[in-house]
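Below is one structure, written out as structure tokens, with a few remarks after it.
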Amino acid sequence: MLAVADRATVVASRIGVDSQSISQRATELAYKLVIGTKNWSSWSLRAWLALKAARISFEESIVALRRPESAERIEKLSPSARIPVLYIRDGSSESIVFDSLAICETIAERHPEAGLWPDDPETRGLARSYAAEMHSGFLAFREALPMDFARKLPAPPLDDTVQQQIRRIQSAWLFALSRYGTEGSFLFGRFSIADCMYAPVVSRFLTYSIPMSDDVKRYATRMMTLPTMQEWLAGARQEIKDGLPDQWVVDMVRNAR
Ligand SMILES: N[C@@H](CCC(=O)N[C@@H](CS)C(=O)NCC(=O)O)C(=O)O
């Protein structure tokens, strides 16, 4: 079994980062983000938004999810066998960062000028708590309402746990918006990693027409009209045009195996 650092080197060589080109381009900073199908990959959207918000130029590589070969492809690209995963080449050093929150944190740390976390330490602590709560929680909600970014779908029956999690998310948003937001702003004022982490939730609320209060609706609209969210939407729509199956078709095929 290779250690994570060794696997990172192997993975980096698999994506075509060779030592000769590194010495030729010793001062170059390059990012490559591997993501999943835009219509479905909520974790990818979070990391992708953070890179976009930091106005970093990066290469994007998409692995099609929910196909027989997906898991094997991802395992070759990511030490955790999950995407998103970010490859960084900085001068002669190469590194790999996997997991959406770790990628967001890394981008915030490497590009402080982007202001991806609030400046005030106490506000930053709370914004980090919001991001972490999303990252580690709301499992029932996520399972009941999978992201289907570009589609409108009927909501399935939602049990008490899911309904309670929807209430928690919306009350957390309202608390942050009323305390830190100004008219037309994001959860903690300017756009932050907390917004990146909740972007797929905004999309799910809209996909499944989950009832929202007016303030929550306005926040959802602000998020969806961001040029970056529109860019992601265009990508998701294109995938559907190119023949992305409906989830129930994917499930039927999987269950018939
Ligand atoms: N905790 C991880 C979760 C990543 C995750 O579950 N990614 C899914 C795609 S959204 C994946 O890689 N699935 C593997 C597969 O479909 O084979 C993160 O925050 O990045």
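None of the figures in this text is laboratory data; all of them are computed from the coordinates on show. All values derive from a computational prediction rather than experimental measurement. Cβ atoms come from the backbone with ideal geometry, glycine included; neighbour counts cover every protein chain shown.
If only the Cβ of Lys and Arg carry +1 and only the Cβ of Asp and Glu carry -1, the dipole of the chain around its Cα centre is close to 500 debye.
When the chain is treated as a GNM with alpha-carbon contacts under 10 Å, the residue of Phe191, Phe205, Phe175 showing the greatest mean-square fluctuation is Phe175. Counting lysine pairs in the chain that sit 8 or more residues apart in sequence, or on different chains, and whose Cα atoms lie under 24 Å apart gives 10. Among Gly184, Gly125, Gly243, which one moves the most in a GNM of the chain with springs linking Cα atoms closer than 10 Å? Evaluated over the chain, the most mobile residue of the options is Gly243. Converting phi to 3J(HN,Hα) with the Karplus coefficients 6.51, -1.76 and 1.60 and the offset θ = phi - 60°, region 57-64 yields 8, 8, 8, 10, 10, 10, 9, 5 Hz in sequence order, with x at every glycine or proline.
Mean Kyte-Doolittle of at least -0.5 and a Cα length of 18 Å or more along the axis: which whole DSSP H helices of the chain meet both?
Numbers: long enough: 121-136 (22 Å, -0.86); 160-180 (30 Å, -0.40); 193-207 (22 Å, 1.01); 227-241 (21 Å, -0.81).
Span-like helices in the chain: 160-180, 193-207.
Could you work out how much longer the chain between Ser93 and Val250 gets when fully extended? Use 0.36 nm per residue separation minus the Cα distance between them, nm to one decimal. Walk me through the numbers before you get to the answer.
Details: separation 157, 0.36 × 157 = 56.52 nm, distance 4.05 nm.
Gain on stretching Ser93 to Val250: 52.5 nm.
Taking each residue as 0.36 nm, the span from Gln238 to Asp159 lengthens on full extension beyond its C-alpha to C-alpha distance by 25.1 nm. Scattering from region 27-114 was approximated by placing one identical point on each alpha carbon and applying the Debye formula without solvent; log10 I(q)/I(0) at 0.14, 0.20, 0.26 1/Å stands at -0.45, -0.89, -1.38. Across the chain, Cα-Cα pairs farther apart than 24 Å form 50% of the total. Comparing Arg110, Arg222, Arg124 in a Gaussian network model of the chain, where Cα atoms under 10 Å apart are tied by springs, the biggest mean-square fluctuation is seen for Arg110. Computed from label points 7 Å out along Cα-Cβ, the spacing between Asp119 and Arg179 is 2.0 nm.
Close amide H partners of Lys38, meaning residues 5 or more places away or on another chain with modelled amide H under 5 Å apart, do not exist here.
Under 5 Å between amide hydrogens, built in the peptide plane, is the criterion, and for Gly189 it picks out Gly181, Thr182 among residues at least 5 positions away or on other chains. Taking the Cα centre of the chain as the origin and placing charges on Cβ (Lys, Arg +1; Asp, Glu -1), which of Thr161, Ala236, Leu33 is farthest toward the positive end of the dipole? Of the listed residues, the answer is Ala236.
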